[in-house]
Every structure is written in structure tokens, then in C-alpha cells.
1. Conditions first: (1) free of Cβ contacts under 8 Å to residues at least 60 places away in the same chain; (2) within 34 Å of the chain's Cα centre (by Cα). G85 passes all but one, so which condition is the exception?
2. Hey, can you tell me all the residues within the range 114-137 that are part of a strand (DSSP E or B) and touching a helix residue (DSSP H, G or I) at 6+ places or on another chain (Cβ under 8 Å)?
3. Do we have any residue at all in the range 479-496 that's touching a residue at least 40 places away in the same chain (Cβ under 8 Å), of a type outside the set (V, I, T) and either more than 21 Å from E527 (Cα to Cα) or surrounded by fewer than 13 Cβ atoms within 10 Å (Cβ to Cβ) (or both)?
4. What's the total number of residues in the range 252-273 that are assigned to a strand (DSSP E or B) and closer than 26 Å to T234 by Cβ?
5. Would you mind telling me which numbered condition in (1) at pLDDT below 95; (2) hydroxyl-bearing (S, T, Y); (3) farther than 30 Å from Q309 by Cβ T132 fails?
6. Taking strands (runs of 3 or more DSSP E) that do not extend beyond the range 555-602, which have at least 1 residues that are charged (D, E, K, R)?
7. Condition first: more than 17 Å from P302 (Cβ to Cβ) and either free of Cβ contacts under 8 Å to residues at least 60 places away in the same chain or aromatic (F, W, Y) (or both). Now tell me which residues in the range 114-145 satisfy that.
8. F323: in the same structural domain as V135 (by TED's automatic domain parsing), under 19 Å from A233 (Cα atoms) and in contact (Cβ under 8 Å) with a residue 60 or more places away in the chain, yes or no?
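The values are calculated or read from the model by the stated rules, or taken from the named source; none is laboratory data. Computed from a predicted model, the values in this text were never measured in an experiment. Positions of Cβ are generated from backbone atoms using ideal geometry, with glycine treated the same way; all protein chains shown enter the neighbour counts.
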Amino acid sequence: MYRTKLEKIALAVDYEKRFAKYKDLPRPTLEELTLDISIHPRDRRAVTKGRYLLRNTTRQPIGDLHFRLLDEDGGLELKRVDIAGAQLTLDDKQHRYRIYRLARPMQPGDALPLTFETQRWHRGFRNGSQATSIVENGTFLKDQDLMPYLGLSNSALLQDPELRREHGLPELPGPPKLEDLSATTKMSFHNSWLRKLDITLSTDADQTPIAPGKRISDVTRDGRRTARFVTTATTRPKFSVQSARYAEKHRRYKGVDFAVYYHPRHAWNVDRMLDAMATSLDYYTANFGPYQFDHFRIVEFPAYAGYAQAFAATIPFSESVGFIAALNEEDKLDFVAGMTTHEFAHQYWPGQMMGAETEGYTLFVETLAQYSAHMVTKKLRGEDQIRRYLQYELDRYLGGRAWEKEEPPLARVLGQDHIAYRKGSVVMYLLTKRIGEDGVNRALRNMLARYRFKGAPYPRTLDLIAALRAEADTPEEQALITDLFERITLYDLKVTQPTAVRRPDGKWDVTVPVEAKKFYATEDGIERETPLDEHIEIGLFTEVPGLDAFDKSHVLLMERHHLRSGNQVLKLVSDRKPLYAGVDPYNYYIDRDSRDNLSNVQ
């Protein structure tokens, strides 16, 4: 059904007025999920028959079950829900919301099975953007496209503050404060640990069905191909299924089957992905602990969307961001390998540890995955190229904060990508230079040992900060952790007119004038200068760091010097004449203008 923008807003307002009162009701968690999904690509139709095993992990009885459909395009139809002895007390077809009253309330610890059936059918043409999740070659469906969800969350409500005020809706509350211990009883993103995921997926005989889990059967009969995938390792109740006429390439490495499923004409970056998988497995198992699966696969989907996303050992990866990119030049950012290592890292964060539903929850997902990916990138590309990666992250953080009305400290990040991904990766990399890469990884490994696949209480960013503080040896390192996670800290570091004079012994006396400032910003963007008293890197080079073929042979000197607020002049000695001098030359710090960190040497 076509709706105007105003009609959509009116529908959202009505939805909230009817159902927001149910948002905080106790709900059971999904413990086991069994699905039989039949995809018909030429008809652009999918039928799903499912079974949930629910468990009441709360401390309260649960008398009603609330179901809603989440698919964005409204193409999902809930055909039936069967719960023994339950009575359907509400079936709101306009809002696609149902309430079932149980014959006997679920007591804490009780388990309850139910079955359901849905259909998704893309027929004709829409008045607007077309539905592209089921296509003739390249179907890509996610969990919300196929099955109903339990309960209500803020994400289902109207988000725009001005529209909320205009329609008399109260201000949306954010997640609980970081200090709220009662909030550690809920896992972020309304997730739970799924103990078993069992998906049987059928499609046309000439296509390959793919779902998360180990493939335990694959049969072609009567024009249909049916495969069953079972995940017995603990995971989250999030998944995707895909179907297309794939080519595939496998590589067996240390007991893990690496695979890429791709369009036969899109083979350019397949080996690059497989190489990144191997390096990721080496780094993550050595530093964080065991990998929980015996396989890891990347599956191409059409460029109707441009991203990659991590599910249990299975990564849907858009053709536009991974498969049709030309990455033959050594001096380019290798974003294909970077995205591969990032999605592999999600097998740990949040694949093995999820944070509590409090401020800062995104740090456990995206900051830690981005940090992990940068560590693997350093192994793949060399530390001498890290400046270009940190410059990329820094520029996008600064650009994002220029448009953001309010900015929380990293420890309280609420999903802002420019903070969680971009600032977070710069912060974590700087931390490796101060408490050591081994120290950071030891803190993360200790967090996993404490929380891996565990139930409540779930960790907060305060727990991670405490683990990092345990690795910090000096007051300066402790103060840095505070600045990086609990404050919004900015620097303004600048080199002006460095000079080099040759000495009689052939060495060079190098003078590097540095101007240094440090600022703390409030969440509403007001910046106030604060005294700077830290040890920061100074470098001398024969090439600009991070550009083209820059490597360690171009580094004449890289050492930390004590800097204070204001102007100061550093006296250095070099065996060779430097052509460039820099303060924080690799962009470890959040510098408001990192372009003036480097200068030609006169």
C-alpha cells in the first residue's frame, strides 16, 4: 500500500500512542530457533515455517506475548502463530501487531515452544523504491524479513525530536545511564544468546543456498536445491540467508574452511579476502582466544545496498564495496581486506561478548571490531602505512562531530558511527602506543574470559575501562585513559619552520619549533583549553609519512618528547638530513587540524 510521507508519520504516531505502553513489559528470550525457508527467486517469494523455544529469563511471570513485524518495506505477512493454549487477544493488521494471552503465565525459568509461518511476496512494482531482497539471481534476506519479533523497543518509535514535539509525544528516553547497575540485566540491542540455530533453506536447483551454520546436508531434487545449516556454537539470534548462481572458492587453513561465494565474473578480490581471513584468524586466536566455528564464509549480494554485515561465521558482502573494486595499486587503502578483518572481528565483538543495554553499548561492537581490524591491517600492510588509515578515521570523526548537535564521550557512545568506528579506532591505536599492544589485548582477553557467552550481569564500558587501567603503569597513562574514554579531548599540535644545520662530524642539528594546545569539549560542543603536559612523538623523515611508497627506510628519528602548552623548540640530532619534521606525525591523537603536524625542513 502506498502512503505519503504525512500518512507514514501519522501511522507512526498512532502506533506509538497505542503500543508504547508495552515497551518495558518483561519478555522471554529466544533460546533455540529452527526455520524452514523456501525461496522462489523467479516468483520473488519466500515462505518461512519456524519454531521458537522461548525461556523466561526475567524475575517476573510473563502472561502475554507481543509480536510485531519489523521488515522495512512491509512485504512480510504473518500467516499464523501457534502457541498451545494461548488466546489471540489483539490482531492489529494496520500496525502488524499481535498479542497472545498464555493459558498459564510463564514463570521465571520456564520454557515455551511456539511455531509460526510467514510469507514474503514481491509482486508488481511499487510507487517508490523497489523491494530488492528477493531477486532472480542474488536474493539476500535478513531475520527481520522473514520472522516476527517479540516485544517493543524505542527503535520502533518515531525518532525525530521535532516531529515528536509537533505531535505531542514525549521526549524519547535514551538507554540507561552507564552508572545504572540495574540495566546490566539486559543485553544491548535486545539480544540474547541463542543456543541453537537450525536453518533448512531451499531454492531453485541452479542456485546455491547459504545460511549461517555448518552445512550438514545438500540435496537437489525435482528442480529444487535444499541445504540444512546448523549452528550449535552459542550465537545471537541474528542471521541472513542468500541464494544465487555462485562460483565458490575455498581454502583450508588451521582446521577452518574459508570460503567466498561470488558472481563468476567478480573474482578479482577473492584471494585478497581469503588472505585477510587467514591473517585475522592468526591474530584473533593468538590475542583474544579460540574461534568458535570450523568455517568462515563471505557471500556476495547485489549492489542494491553497499555494506558488509557479520552473522555467525557468515558475512554478506555487497558487490559494490568488495567484489568490483579495483585495488591493484599498493599505495591505495585496502578497504576490501579492512572490511573482511572487521567483519571477522565481529565473531568476537559481539559474537562472544555483548555489552549491557546502557550508554556506551556500541563501543563493545564497533570500536573493538575496528580496533581489531586495524591490528590485522598493520600485519598485512606494515606499521609504516598506519598514518593513512588513522588519517582516514580522524577526518571522518572530525567531519561527523561538525554536524552533530551533541557528542558524548566514547565511553557513552550511543551508535554515532563517527565516534564508535572512527574516533574509537584512533583512541584504541593510541592506547597501544602507551600501554602496549600486548597490554590492550590482555585487557580484552580478560574481558572475554569473564563474559564470553555469559548471561547477566552484562558488561558496561566501565568494566572495559577498568580492565585497561589494570594495564596502565603510570599516572600519565591513567590520565590518558580518562581523556580518551571519559572526556571529549582534542589537541592542536603544529610544527613551524623546522631547520637543519650540518655539523663538522657530518651529523645534522635539527631545530623543530612546536606549538601545542589541548582542549576539553562539552557534549554541546563548547571547547575550553586545558594545560597540556604529555609525552608525544616527534619524527624526522625523508618522505611524507603515509604517502605512496613510504616505509621505515624513510624514518630518520621517531621518539617521544615532553610537550607542554604553548610554543617550545626541540633540539634533535640526525645522521642524515631530514626533509620533513612532524609532531604526532602518524596521527595517534585527535588533532583538530592534523595537516599542520608536518612541515618541510629548511
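1. Every listed condition holds for G85 apart from (2).
2. The answer is R120, and nothing else.
3. Scanning the range 479-496 turns up no residue that is touching a residue at least 40 places away in the same chain (Cβ under 8 Å), of a type outside the set (V, I, T) and either more than 21 Å from E527 (Cα to Cα) or surrounded by fewer than 13 Cβ atoms within 10 Å (Cβ to Cβ) (or both).
4. 8
5. Checking T132 against (1) at pLDDT below 95; (2) hydroxyl-bearing (S, T, Y); (3) farther than 30 Å from Q309 by Cβ, the one that fails is (3).
6. Fully inside the range 555-602 and qualifying: 555-564, 566-574.
7. F116, W121, G124, F125
8. So F323 fails the test.
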